[in-house]
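K.L.:
Below is the structure I would like to discuss, written out as structure tokens.
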Amino acid sequence: MDLVISGLTKTYPNGVHALKGVNLTVRPGMFGLLGPNGAGKSSLMRTIATLQDADAGTITFGDIDVLSDKQAVRRTLGYLPQEFGLYPAAKAYALLDHFAVLKGITSRSERASVCEALLHQTNLWDARKKAVGTFSGGMRQRFGIAIAMLGKPKLIIVDEPTAGLDPAERVRFLNLLSEIGEQSVVILSTHIVEDVADLCHAMAVIDQGQILLSASPDGAKATLRGKVHRCIVDKGQVAEVQAAHVVLSTRLLAGRIAVRVFAPAAPPGFDTVEPDLEDVYFAAMKRVGGPG
């Protein structure tokens, strides 16, 4: 089933125009939604997850009208928000069993089977008798995914899931998401470009409540081929380069600065390089070079 968003708008009472006519189609598999903090990612995720109403527009998931039939959506939805509360003294197995009851799994034997399977899948079985308040950040996120997967949802939303995780936990969590993405529509909302590059078959960039780009990562990179160029300069030359070119990114490199710019042809002193997804992201944010 596809998730189809059309003309979605949302303005909060304080006047913040969070979503401005968002149009997006998300097909089964892993989908990355990239954008800086405050871009509208969480507003969009919360609207899809039926936690807030839109001012205008439509969202459908298969034959479900998301905005008008919230209970139907919730029966097939798994949601891991950026911040979620847990009872810190509760043991992992008991708490997951509790959430399974809330999800409508009333048979004790079925809950036992489901909870055991999910704790194994999220690599938390050995920690099942530990209080969730003692979990590391990565364990906590994996437990959140176990909760989100109760009821075998067909639509799963994860909002900034790897922020603050150490490299090992990040890899473990992303591998888990990749496995889940084989069975469902999984929307990964993040500001971390590498998460999308590693996982997603399709992506979008959002900023100031508007979709700037929607494409496959490979397709988006292809549109920039031959238009991204790199040069190593001294720190004192950066301002001059910024004044003369569309600078995509700068990075400290052994005391000097590696500058990547967007241009139809390589400027003097620059070498053309193969674009990466970070180039795609920054080009979209600067409104240059990418597909709409």
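The values are calculated or read from the model by the stated rules, or taken from the named source; none is laboratory data. Keep in mind that this is a model prediction, so the values were computed, not measured. Virtual Cβ from ideal backbone geometry, glycine too; neighbours counted across all protein chains shown.
K.L.:
Find the residue count for the stretch 83-118, including only residues that are closer than 30 Å to SER43 by Cα, part of a helix (DSSP H, G or I) and among the aliphatic types (A, V, I, L, M).
P.N.:
Total satisfying the criteria: 7.
K.L.:
Test THR272 against the stated conditions and say whether it is within 25 Å of the chain's Cα centre (by Cα), more than 19 Å from GLY219 (Cβ to Cβ) and either surrounded by 11 or more Cβ atoms within 10 Å (Cβ to Cβ) or among the hydroxyl-bearing types (Ser, Thr, Tyr) (or both).
P.N.:
When the stated conditions are applied, THR272 does not pass them.
K.L.:
Return the only residue of LEU248, LEU212 being at pLDDT 95 or above, assigned to a strand (DSSP E or B), surrounded by 20 or more Cβ atoms within 10 Å (Cβ to Cβ) and not assigned by TED's automatic domain parsing to the domain that holds VAL22.
P.N.:
Unique residue meeting the criteria: LEU248.
K.L.:
A follow-up question, please. How many residues, within the stretch 119-128, are touching a residue at least 40 places away in the same chain (Cβ under 8 Å) and either outside any loop (DSSP other than H, G, I, E, B) or among the hydroxyl-bearing types (Ser, Thr, Tyr) (or both)?
P.N.:
Residues meeting the conditions: 2.
K.L.:
Condition first: under 16 Å from the mean Cα position of the chain (by Cα), within 23 Å of LEU77 (Cβ to Cβ) and not hydrophobic (A, V, I, L, M, F, W, C). Now tell me which residues in the stretch 137-176 satisfy that.
P.N.:
GLN141, ARG142, GLY144, ASP159, GLU160, PRO161, THR162, ASN175
K.L.:
Something else about it: When the stretch 35-93 is examined, which residues are found to be within 30 Å of ASP279 (Cα to Cα), charged (D, E, K, R) and touching a Leu at 6+ places or on another chain (Cβ under 8 Å)?
P.N.:
Hit for the stretch 35-93 is LYS41, nothing else.
K.L.:
Would you pick out the residues in the stretch 191-205 that are surrounded by 18 or more Cβ atoms within 10 Å (Cβ to Cβ) and under 23 Å from MET1 (Cα atoms)?
P.N.:
Correct list: VAL196, LEU199, CYS200, ALA202, MET203, ALA204, VAL205.
K.L.:
While we're looking at this one, here's another question. Filter the stretch 21-45 down to the residues that are farther than 21 Å from LEU174 by Cα, buried (at least 19 other Cβ atoms within 10 Å of the Cβ) and not aliphatic (A, V, I, L, M) and list them by number.
P.N.:
GLY40, SER43 - these are the residues of the stretch 21-45 that are farther than 21 Å from LEU174 by Cα, buried (at least 19 other Cβ atoms within 10 Å of the Cβ) and not aliphatic (A, V, I, L, M).
K.L.:
Does ALA18 satisfy the condition of being surrounded by 15 or more Cβ atoms within 10 Å (Cβ to Cβ), within 24 Å of the chain's Cα centre (by Cα) and among the aliphatic types (A, V, I, L, M)?
P.N.:
yes
K.L.:
Right, another one. Could you tell me which residue of the stretch 148-185 is surrounded by the fewest Cβ atoms within 10 Å (Cβ to Cβ), considering only residues that are on the phi > 0 side of the Ramachandran plot and at pLDDT 80 or above?
P.N.:
Here the residue is LYS152.
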